[in-house]
Amino acid sequence: MSGLLPARWAQAQTRAESLRVLSEAGPNSFDPIGIGVNRNAIQLHWNAYDRLLRFGTQTRPDGTLYFDYYTIEGELAERFEVSDDKTAITLHLRRDATFHDGSPVTAEDVKWSLDRVLGIASGRAQFSTGSMTSPDQFVVVDAHTVRVTTPRPDRFTLPNLAGTYPVIFNAKVAKAHATAADPWATEWLKTNVAGGGAFKLDNYVPGQSLTLSRFDNWKSGALPGFRRVLWQMVPNAQSRRSSLERGDADIVQDLPPQDAVSIAQAGKVKVVGVPMAGAFQFIGMNSAKPPFDNVKVRQAVAYALPYQQMFEAALFKRGQPLFGGKPGEADGTAFPQPLGYSTDLEKAKALLVEAGFANGFDTTFSFELSLATVAEPVSLLVQEALGKIGIRVTIDKVPGGQLGTRLEKKEVPFFFEGSAAYFADPDYFFRIFYHGPTRWNFGSYNNPEFQALVDKTRYETDKAVYDADVSRMIALVKQDIPIILLWQPALDTGMQASVEGYKYLFHRQLELRTLKRG
């Protein structure tokens, strides 16, 4: 691997001050907002830009760090106040904060950056979940103070400001590359950084490597423990594993479940496995199309599945099960939660008879090849199990990047997929994945009582009322089962024993700022 390193890296700091990260793929954009921006892009802009706010930190029993969704603290804003009526947030910027080029961060930069989120369709859609829909809501009070106003109290405004979209740009630099056709400099910002975050981008070779250096004038937190980071893209999983075990790599991201198990057992390096908050893998059934429009058919499938076998074969138990649990009613108000179904073939057969399918039926089960490591064993076990109750399944392996389009058009009857919600509130999860005509309503769920409850809980402030409504929604999705939650997969990351300060974040990419060499 040393032959792959940029010359400046080879002449740089000692190993104690430098970090080498391997992943399967790299960023396809440096801009957090845009159609088709991949998850790897977050790793770059999260560490190269600041946001006004960030989520707090908690420590897990194994000593790793974890984001605290319910604690919001300042980042570029050294402090903030919420008005008594909860419709205004006043943010006070750090007066000594600068961008990478040395220019000071001002409220005008913040205003332009927040306006930009609303100026781009995907950003506007996300900000609207926090009642931010007009640039008039972002007000410059003075050179170091900004106020964000909302028409009514909204508990998602602060989390949105701590999310992945609202990075603070050096507006003067960005606007210098804007055009009449591209007023937000989207083309330039795809391949350039105009920020002031903890790390500066030094070099990028698309598809190969990316080098970062610490910004020593960063003021929004404690300086990172590493002065330089080399992030390399190594598509072959075995090559990434070998580099980690030889000690050439410090961190390898997204270990396949089988590798995570065997590497952890070998004990040469450590494996951190964190069940991904908000993330889930599931089996979807299009409830708008026969035969899955029949709730008894969906329940029959849910009772027929061999959950434990799938969990072991596909994930090697690396994750948090969402099968079993309390049937028929809510078990608390956290969601996702286990839906109450366990394998019961006799019950499944009886439900099929009640649904009018005593002789079963034929269907197709689809999965995207990019998920084949997990989806292939799942699909084979689904095929075998449903065959036992008379459902004849043909497996459809969809080329990478194509399943999403078909799901958008609601063409797929029965499938394996995964997704994630950034915000932890259960009503947010239901609004994204069980509501409306969007792609993300994977089961095409349309229960009028449920839809009314989703709309009702959006601004509910009475906790007792909110909890009661959420409990009812959980009971409904357990009964109607438009999608069958399987598990929250673990985010498995391999690292040398000397690397400390690993922090799991909601977007599942590395927080380089907290890492250090022990």
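Each of Pro321, Val353, Leu485 was placed along the dipole of the stretch 279-490 (beta-carbon charges, centred on the mean Cα), and the one lying farthest toward the positive end is Val353. Note on Tyr307, Tyr341: ascending count of other Cβ atoms within 10 Å places them as Tyr307, Tyr341, the fewest first. Between the Cα long axis of helix 257-266 and the first principal axis of the chain there is an angle of about 70°, rounded to the nearest 10. Within the stretch 135-205, the ratio Rg/Rh, alpha carbon atoms throughout and Rh by Kirkwood, equals 1.02. Placing unit charges on C-beta atoms (Lys and Arg positive, Asp and Glu negative, everything else neutral), compute the dipole magnitude of the chain about its Cα centre in debye, rounded to 20. Charge dipole, the chain, about its Cα centre: 920 debye, nearest 20.
With Cα atoms defining each centre, the stretch 462-495 and the stretch 249-300 are spaced 16 Å apart in the structure.
For the stretch 279-490, the relative contact order comes to 36 percent (Cα pairs under 8 Å, sequence separation of at least 6). For the stretch 279-490, the C-alpha radius of gyration divided by 2.2 N^0.38 Å, with N the number of residues, is 0.97. Of the beta bridges in the chain, as assigned by DSSP with both residues counted there, near 75 percent are antiparallel. For the chain, the Stokes-Einstein estimate of translational diffusion at 10 °C and a viscosity of 1.306 mPa s comes to 65 µm²/s, using the Kirkwood hydrodynamic radius over alpha-carbon pairs. In plain terms, the residue of Thr59, Thr106, Thr64 with the fewest other Cβ atoms within 10 Å comes first and the most crowded comes last, giving Thr59, Thr64, Thr106.
Enter the mean projected area of the convex hull around the alpha-carbon atoms of the stretch 346-432, in nm², rounded to one decimal. Show your work: numbers first, answer last.
Details: hull surface 29.7 nm².
The directionally averaged projection comes out at 7.4 nm².
Shape annotation for the stretch 209-314: C-alpha extents along the principal axes are 61, 38, 23 Å, from largest to smallest.
Taken about its Cα centre, the stretch 279-490 carries a charge dipole of about 300 debye when Lys and Arg each add +1 at the Cβ and Asp and Glu each add -1 at the Cβ. Taking 1.306 mPa s as the viscosity and 10 °C as the temperature, the Stokes-Einstein diffusion coefficient of the stretch 260-399 based on its alpha-carbon Kirkwood radius rounds to 96 µm²/s. In a Debye calculation with equal point scatterers on the alpha-carbon sites of the stretch 409-456 and no solvent, what is log10 I(q)/I(0) at q = 0.14 Å⁻¹? The computed values of log10 I(q)/I(0) come out as -0.36.
Given the stretch 48-115, what whole percent of its Cα pairs are spread farther than 15 Å? Write out the running numbers ahead of the final one.
Numbers: 1435 of 2278 pairs.
Here the tail beyond 15 Å accounts for 63 percent of pairs.
Can you tell me the 0 to 90 degree angle between the C-alpha axis of helix 39-48 and the longest principal axis of the chain, rounded to 10? Result, in degrees: 30. Compared with the dominant Cα axis of the chain, that is its longest principal axis, helix 107-119 is turned about 30°. Farthest towards the positive end of the charge dipole of the stretch 279-490, among the residues Thr364, Gln451, Gly404, is the Cα of Thr364, using unit charges on the Cβ of Lys, Arg, Asp and Glu. For the chain, relative contact order (Cα pairs under 8 Å, six or more residues apart, normalised by length) works out to 19 percent. Think of the chain as having a plus end and a minus end, set by charges on the Cβ of Lys, Arg, Asp and Glu; of Phe414, Tyr504, Pro426, Tyr504 sits farthest toward the positive end of this dipole.
By other beta-carbon atoms within 10 Å, ranking Thr164, Thr373, Thr150 with the fewest at the front produces Thr373, Thr150, Thr164.
Multiplying the residue separation of Lys175 and Asp115 by 0.36 nm and removing their Cα-Cα distance gives an extension gain of 20.3 nm.
Dividing the summed -39500 (n - 2.57) terms of all DSSP H runs of n ≥ 4 by the residue count of the chain sets its mean residue ellipticity at 222 nm at -8500 deg cm²/dmol.
A viscosity of 1.306 mPa s and a temperature of 10 °C, combined with the Kirkwood radius over C-alpha pairs in the Stokes-Einstein formula, give the stretch 375-477 a diffusion coefficient of 100 µm²/s. Could you give the size of the charge dipole of the stretch 76-122 about its Cα centre, using +1 on the Cβ of each K and R and -1 on the Cβ of each D and E, expressed in debye and rounded to the nearest 20? Dipole about the Cα centre, nearest 20: 80 debye.
Cα extents for the stretch 317-356 along the principal axes, largest to smallest and rounded to whole angstrom: 35, 25, 12.
No lab work stands behind these numbers, since they all come straight from the coordinates. These numbers come from a predicted model, not from an experiment. Reconstructed Cβ throughout: ideal geometry from the backbone, glycine too, with neighbour counts over all protein chains shown.
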